[in-house]
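Read through the structure below, which is laid out as structure tokens, and then see the notes.
Just so it is clear, none of the values below were taken in a lab; they were calculated from the coordinates. If you're wondering where the values come from, they're calculated on a predicted model, not measured in any experiment. Cβ: placed from backbone, ideal geometry, glycine included. Neighbour counts: every protein chain shown.
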Amino acid sequence: MNIFSSFSLIFLCIITGCDDYNHIDYSSFNIVPEIITSKEQQGFIITDTYSPFKVPSDFTNLKNSSQLLINSNWLSNPHYLEDIYHLIYQFNQTHIDDSNVFVQSLYNSALIYKRNMIEVNILKRQLQDDVNNKLHYYQQEIALINTRLSIMDMNEEQHIENVAMIKNTIKEKQQYYAKLRRELKEELHAIKLNNDLIFTLISDLKFKYKAHDTINCSTYLSDYKKLNIVSPYACIYYNHDELITKVPVKHQKQINAIFDHYAPKLWHTMVELNGHFEPNYDKQVFDSYLQKDLVFANNNLAERRLMNTKPHPCDAIGLEIKQLKKLNLEMNADINRALLDDNDQINISTPSFYSKLAPLFTNGKIKDPIINFSLLCNNKTLIEKFTHKYAEKILNEYPKSLTFHIENNGTFTLPKIRAKHYKIVLNVNKNYSVIYNGHRVLTPPTDFTQTTPNTTTVQYDLNQLISQQLFKKWIDS
């Protein structure tokens, strides 16, 4: 310690008491005091709990999210755009100006991705239309062959028996339907309604079919009331309010109970016989019903009789089977199954679909959305600047109770150290730091010199040391 430094310290001791002050002897470290600015002279206490060398989880998450996005396949990742915006948020949360270049690159990635997906969806629709047309053609042809084979599987007598059986079932259902209507008429007679009103009530009974994917149907659909039946695919209603208003008020409660009982039975029988044409959908909503079955059975009988008139009818089965195999082979060759999911829908995540994008990449309609961001993340000069600023952020946010200021003359006041294991870092300037290891030392020394036990020096300040650690983690991981 030189004479002037010693005199200054003695003078401070006289005024305030030496117990409150510590001192670093610059001369013993061969540091010229004139090059030291007060801003660079900062001290930090490092403990097991608090250390600027502990990489913040936010930085680790930022690095991991960046790497995950770079490695992610933009075409197969349904959350790609969401991941971009989340990463933008993470960069913005650093509140570091040097992160703006990453943020702008990510916004550009989002824009490229959106444009890409417009082209992807156009191509997807084109491919899906082509697949649908081919599937429709092959499925129709295969269905026709299977129908003919099923007809051939039965002889003419069996077809005749099948027609007779369906006709008999239809007759039974028609008789049951007539019986239900008679019973309904008798119950309406029993409550003294006139014949004209009874005829009107029975004749005006109507139903509505509403396709539904849940059994929890609403009780009413306009003035139609839900039937008390469970259907997994639809809600069924009848024109309750219209019928009730035709009846005197004193009979309305009885009429309500009567129709709630008979309407479901009439509906079931009617559907079994004739299906149901729903005007709202402008189509028959049931695929199978007896009258339809009878038409097919009669057609099959006629077809079987026609087959019997042709020469060598037995050879026809073999020919149909041969044609069926041929169609299946053609379909498998004509339709690229590698493009499709289990529901025969175009799957854009498949390598086959990605290969279809090659011309779009060539003409520039589609681009890699993340390439520029990836280059930035691997630009060592840029990352070095970013990690340097992040190191400043770490030190600026370090607990104030564990930091202290060093005066130009090397004097400083240490905060109260409660940890058993600690280090004192004297951040002298950008090219020099002094580190004291206070492991199991209850009271740190008052004076720090090059010969002070447990004292080492490094040719970097604390910011550079942290920055180097962050840089290594970003580049190497």
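Just want the ordering: 295, 131, from fewest to most Cβ atoms lying within 10 Å of their own Cβ. List each step's numbers first, then the result.
Values: 295 11, 131 19.
Ranking 295, 131 by Cβ neighbours within 10 Å, fewest first, gives 295, 131.
The mean of 1/r over all pairs of different alpha-carbon atoms in segment 50-186, once inverted, gives a Kirkwood hydrodynamic radius of 22.5 Å.
Please pull out the direction-averaged projected area of segment 143-192, using the convex hull of its alpha-carbon atoms, in nm² to one decimal place. Show your work: numbers first, answer last.
Numbers: hull surface 19.3 nm².
That works out to 4.8 nm², a quarter of the Cα hull's surface.
Averaging sequence separations of C-alpha pairs under 8 Å and six or more residues apart, then dividing by the length of segment 156-291, give the relative contact order as a whole percent. Rounded, it is 23 percent for segment 156-291. Among 134, 210, sorting on how many other beta-carbon atoms sit within 10 Å of each Cβ, with the fewest leading, yields 134, 210. If you take the Cα centroid of segment 452-477 and the Cα centroid of segment 82-114, the two points sit 28 Å apart.
Close amide H partners of residue 234, meaning residues 5 or more places away or on another chain with modelled amide H under 5 Å apart, are 212.
Kirkwood analysis of the Cα pair distances in segment 156-291 returns a hydrodynamic radius of 16.5 Å.
Dividing the convex hull volume of the alpha carbon atoms of segment 191-260 by its residue count, what do you get in Å³ per residue? Spell out each step's value before the answer.
Details: hull volume 5.7 nm³, N = 70.
Taking the convex hull of the Cα positions in segment 191-260, it is 81 Å³ per residue.
Inter-part distance, segment 396-417 to segment 169-185, computed on C-alpha centroids, equals 99 Å. The relative contact order of the chain, computed from alpha carbon pairs under 8 Å that lie at least 6 residues apart in sequence, is 29 percent.
For the chain, the longest principal axis of the Cα atoms and the long axis of helix 462-476 meet at an angle of about 30 degrees. The string of couplings for segment 318-326 from the Karplus curve (6.51, -1.76, 1.60, θ = phi - 60°) is x, 5, 5, 5, 4, 5, 5, 4, 4 Hz, one whole number per residue in order, with x for Gly and Pro. Relative to the longest principal axis of the Cα atoms of the chain, helix 252-274 runs at roughly 80 degrees. Sorting 225, 250 from the fewest to the most surrounding beta carbons within 10 angstrom yields 250, 225.
Any number yet on Rg/Rh for the chain, C-alpha, Kirkwood? Show your work: numbers first, answer last.
Details: Rg = 43.7 Å, Rh = 32.7 Å.
A ratio of 1.34.
Once backbone amide H atoms are built at 1.01 Å from N, residue 275 has 290 as its partners under 5 Å, excluding neighbours fewer than 5 places away on the same chain.
Have a look at the DSSP beta bridges in the chain and tell me what percent are antiparallel, nearest 5. Spell out each step's value before the answer.
Numbers: 34 of 36 bridges.
The antiparallel proportion sits near 95 percent.
Couplings 3J(HN,Hα) of segment 229-240, computed from phi: 9, 10, 10, x, 10, 7, 10, 10, 10, 10, 6, 4 Hz, in residue order, whole Hz [Karplus 6.51 cos²θ - 1.76 cosθ + 1.60, θ = phi - 60°; x for Gly and Pro]. Considering only Cα atoms, the convex hull volume of segment 223-313 works out to 132 Å³ per residue. Computed from Cα positions, the angle between helix 3-16 and the longest principal axis of the chain comes to roughly 70 degrees. Neighbours of residue 330 by Cβ distance under 14 Å: Lys/Arg scored +1, Asp/Glu scored -1, total +3. Checking the Cα-Cα distances for 225/246; 206/265; 114/473 against a 25 Å cut-off, the pairs over it are 114/473.
3J(HN,Hα) couplings calculated from phi for segment 93-109 with the Karplus curve 6.51 cos²θ - 1.76 cosθ + 1.60 (θ = phi - 60°) are, in sequence order, 5, 6, 6, 10, 4, 5, 7, 4, 5, 5, 4, 4, 5, 5, 4, 5, 4 Hz; Gly and Pro show x.
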